[in-house]
1. Could you please find all residues in region 116-149 being closer than 18 Å to Ser52 by Cβ and open to solvent by less than 50 Å² (accessible area, probe 1.4 Å)?
2. Where the second residue is open to solvent by 10 Å² or more (accessible area, probe 1.4 Å) and outside any helix (DSSP H, G or I) and the first is without any contact (Cβ under 8 Å) to a residue 40 or more places away in the chain and lies in region 104-115, which pairs have Cβ atoms under 7 Å and are six or more apart or on separate chains?
3. Among the residues in region 80-93, are any open to solvent by 30 Å² or more (accessible area, probe 1.4 Å) and touching a Lys or Arg at 6+ places or on another chain (Cβ under 8 Å)?
Amino acid sequence: MSLAKGPEPLKKRRAAIWGVTAAVVVAAGVSLWAWEPWVDRSPFTALVAGASPVTDPGSTGESGECTPNLAGEAVVVYDASGKGKLASGVESSTGEVLPSSYGDFAGWCFYVTRIEGLPGGEGTYKVQVGGGNLVTVEEGHLRQPVDQQREGMRKMKLPPDDAPAPGLPAEQ
């Protein structure tokens, strides 16, 4: 009789061990998914590029410099909900006039505002310039070098006059 009962406790013990092992694996997977160690959460310098029409053509220098329309205005970066302020900066006071190869934005003033210490890992952010509307911007875009952001202006098209003003990177 003792032989018949021998394998049954062994099966229960193995089932318990497998159950605990599965629970540990699931808990580790959930923890890893929530922690996301592959996401760069270190603070970085965000580059918010934009373009505005040159309102005073006489103000552009021979070097092609210009003054953005919102020069000196606050640029605030919020979390994805738009409620938590993460970092801020001041709109650049100088820019460069884009050449004819920039299509719809030829002759516009291209500028970049640097925002120091923006926490990484958010994925998306809300950006507000000069107290205007909040615009959703991907973290990858804010991490792009200036040259890449400037090059992106070549492909952008201005909306028709009756459409709402474009978001970043161009402003009206």
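The values are calculated or read from the model by the stated rules, or taken from the named source; none is laboratory data. If you're wondering where the values come from, they're calculated on a predicted model, not measured in any experiment. Backbone-built Cβ (ideal geometry, glycine too); neighbour counts: all protein chains shown. Ligands, DNA and RNA are stripped out before the accessible areas are found, and what is left, the full protein with its side chains, is counted by its heavy atoms. Shrake-Rupley method; radii C 1.70, N 1.55, O 1.52, S 1.80 Å.
1. Hits for region 116-149 are Val127, Gln128, Val129, Gly130, Gly132, Val135, Val137, Val146, Gln149.
2. Filtered contacts from region 104-115: Ala106/Pro99.
3. Yes, because at least one residue in region 80-93 is open to solvent by 30 Å² or more (accessible area, probe 1.4 Å) and touching a Lys or Arg at 6+ places or on another chain (Cβ under 8 Å).
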